[in-house]
1. Compute the FRET efficiency between residue 2 and residue 214 as 1/(1 + (r/R0)^6), taking r as their Cβ-Cβ distance and R0 = 56 Å, and round to the nearest 0.05.
2. Can you tell me what the convex hull of the Cα atoms of region 63-105 projects to on average, as an area in nm²?
3. What is the Cα convex hull volume of region 160-250 when expressed per residue in Å³?
4. How high is the relative contact order of region 179-276? Use alpha-carbon pairs under 8 Å, at least six apart in sequence, and give a whole percent.
5. Give me the number: length gained by fully extending residue 104 to residue 244, i.e. 0.36 nm times residue separation minus the C-alpha to C-alpha distance, one decimal in nm.
6. Output the relative contact order of region 40-118, whole-number percent, from Cα pairs under 8 angstrom with separation of 6+ residues.
7. Of the DSSP beta bridges with both residues in the chain, give the percent that are antiparallel, rounding to the nearest 5.
8. With contacts defined as alpha carbon pairs under 8 Å and 6 or more residues apart, what's the relative contact order of the chain in percent?
Amino acid sequence: MTVFQHLDFDAHETVVFAHDEPSGLNAIIAIHSSALGPAAGGCRVWTYPTEGAALADALRLSRGMTFKNAAAGLDLGGGKAVIMLAEGQKKTPELMRAFGRAVERLNGAYTTAEDVGVTPADMAEVRSQTRHVAGLATGAHASGDPSPVTATGVFQSIRTGVREVTGCEDLAGLHVAVQGLGHVGTALCDRLAAAGAQLTVADIAAARCEEARTRYGATVVAPDRIHATDCDVFAPCALGGVLSEDTIPELRARLVAGAANNQLARDDLDTALAARGITYLPDFVVNAGGIMNVAAEIAGVDDPNWVKGKLDGLQERVTEILRRAKASGKTPQAVAVEMVRERLAAAGERSVASEPAPAT
């Protein structure tokens, strides 16, 4: 199978395979669309079972970034990078610097930042090789780890979703099942617990679960059963594909809203959720807080109110999506995709209009 025949290939503009033997780098950088501007999206470091799985992740994640950036109202295209670690291979500064050189060879077509398995310290190593990096801890306009801002956007979206679905403004006593206690999942739990929510959590790391039990009084369940928790809100904050033909029949939540990318194992499964009376807030809408924070760094914005304004706008979009879905009978996912495609189409029309007329 070629890249162009891949099930997840969606007219991607550029797919680059980067290799550096001394550092052990094997990476894929995928740029899905630059219709709205240069591509931006995080770099994921993961041990994939196959190269095909890594390619599928890069293609799906980069497409998701196009949708995320468009839905967030940002003038950025969609891109993503994955670094494939071999079994037992460790992430090293040399590896990240080699990745930085690969980003630099794209001449600004793609700006990278943190994703799963990557820290601001890693981004500092990348920055030593390229200017096209964000999520830095120090320096002019540095935005640092985007995880807390992502968590804030998800928390606010849960609150907005609960209000629209149940009419309740208060999260006190609300039962939320959080899958994944990484940087975003833990920050989300902090905000939910402060609002008085009851938490059930799961993570592959037992130490994180024990900390959540102690810190929030959370109930801990097995990672492969968290989706079946009888709760008000299910918040997937781990890897993608959790909403599948197998798991959707077992869901017992009224609302699904979380930080994980590509939560739907298949694009059409939003209808299966709707058929069960479950409201699904599209992941590419609610988890956009981090890229908003990164966008401020890319654009050189120092005003902290700029990101706050973007987060406020995010909640206006969540409200609009849910109300349009209710009025039209469509799923929130379908409505959000329509809104994104409208913006991309308008950008394409402007681009064509700005091109010089052909010589005669």
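1. Efficiency, rounded to the nearest 0.05: 0.65.
2. Spelled out: convex hull of the Cα atoms, projected over all directions, averaged, 4.3 nm².
3. 97
4. 25
5. Stretched out fully, the residue 104 to residue 244 stretch lengthens by 46.7 nm.
6. It comes to 48 percent, rounded to a whole number.
7. Percentage antiparallel, nearest 5: 30.
8. After rounding, I find 15 percent.
The values are calculated or read from the model by the stated rules, or taken from the named source; none is laboratory data. As the structure is a prediction and not an experimental result, all values here were calculated from the model. Quick reminder, even Gly has a Cβ in these numbers, built from the backbone with ideal geometry, and neighbours come from all protein chains shown. These accessible areas exclude ligands, DNA and RNA; they are computed on the full protein's heavy atoms, side chains included. Shrake-Rupley method; radii C 1.70, N 1.55, O 1.52, S 1.80 Å.
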